[in-house]
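These notes concern the structure reproduced below.
All of the numbers you see were taken from the coordinates with simple rules; none came from a lab. From a predicted model like this one, the values you see are computed outputs, not experimental measurements. Cβ: placed from backbone, ideal geometry, glycine included. Neighbour counts: every protein chain shown.
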Amino acid sequence: MWTYDRHLQYPVNIKTPNPTLAKVIISQYGGPDGELGASLRYLSQRFGMPDKKSKAILNDIGTEELAHLEMVGALVHQLTDGVSVQEMEKAGLGAYYTDHGFGVYPQAAAGVPWNAATIAVKGDPIADLTEDLAAEQKARATYEKLINLCKDDPDVVNVLRYLREREIVHFQRFGEALNGVQDKLAQKRFHMGKNK
Amino acid sequence: MNTEITNDQKMLMDQIRSLAFTVNDLALYLDTHPCDSNALRYQYEYSEQLRNLRQRYQREYGPLSIYYPQKAWEWIESPWPWEKGGV
């Protein structure tokens, strides 16, 4: 099970609301390379992992991604908190406001709702861990694009830089887990499914 | 309970957050390097520090989890982490 720690992993304190930034940042909430997909991808793939290291790393990174989902949600929330409906409309969020008001809905920057088709669970440890390596790089690249778009607000950039760095650490750990799985599969008389 | 965040509370939370980050990052590292004795020593030291600071924080400023024993339901009182003014 999970328990809730009543603090963010890294603080989010936005001084100036700015719905224009919220409109793009929301992609890391529910977009194709966002934190919702990341957490569900890893937490679902862990059931099909063959060794101690890969089970543990998918469980623990999947858990950390939930904390990142919360941070991105906090960014979107604080960037739109107290903003008028007219300002939302001016920022191009009139359509968003119509369906979601000031709630935080998992969607991509262009408005496409979160879709499980953006993640894969192949039940094959090599395929799944290789997908995870790509997923971390895509998330890293997305954060870099967001940093370019948000560079005038240091409160926002600071948080995005932190999240970007975590993608790099996760990529490293998944690479190590993949090496471990490859070594295990190379062993003689190892059969998937018979592993305890 | 006073819901306004004091400087002392803020500093204590910063320390808790840093230690929680450290312990989490060590956990990921140890997942793929379970026999690294240096990392294990850090894990032991920092998670102990974290446990003590969480204990102190919760005694003074309210629960960080629902598993902390409470005489009044303070869980809902202070701003939530995602809100402005939250920790």
Quiz item: Among (1) surrounded by 14 or more Cβ atoms within 10 Å (Cβ to Cβ); (2) touching a helix residue (DSSP H, G or I) at 6+ places or on another chain (Cβ under 7 Å), where does B:ILE66 come up short?
Solution: (1)
Quiz item: Is region A:106-116 home to any residue that is among the aromatic types (Phe, Trp, Tyr) and within 14 Å of chain B (Cβ to nearest Cβ)?
Solution: no
Quiz item: Is at least one residue of region B:12-26 within 11 Å of another protein chain (Cβ to nearest Cβ), within 16 Å of the chain's Cα centre (by Cα) and assigned to a loop (DSSP other than H, G, I, E, B)?
Solution: no
Practice problem: Please name all residue pairs, on different chains or six or more residues apart, with Cβ atoms under 6 Å, provided the first residue is in region B:26-40 and is farther than 14 Å from A:GLU176 by Cβ and the second residue is part of a helix (DSSP H, G or I) and hydrophobic (A, V, I, L, M, F, W, C). | Solution: B:LEU26/B:ALA39
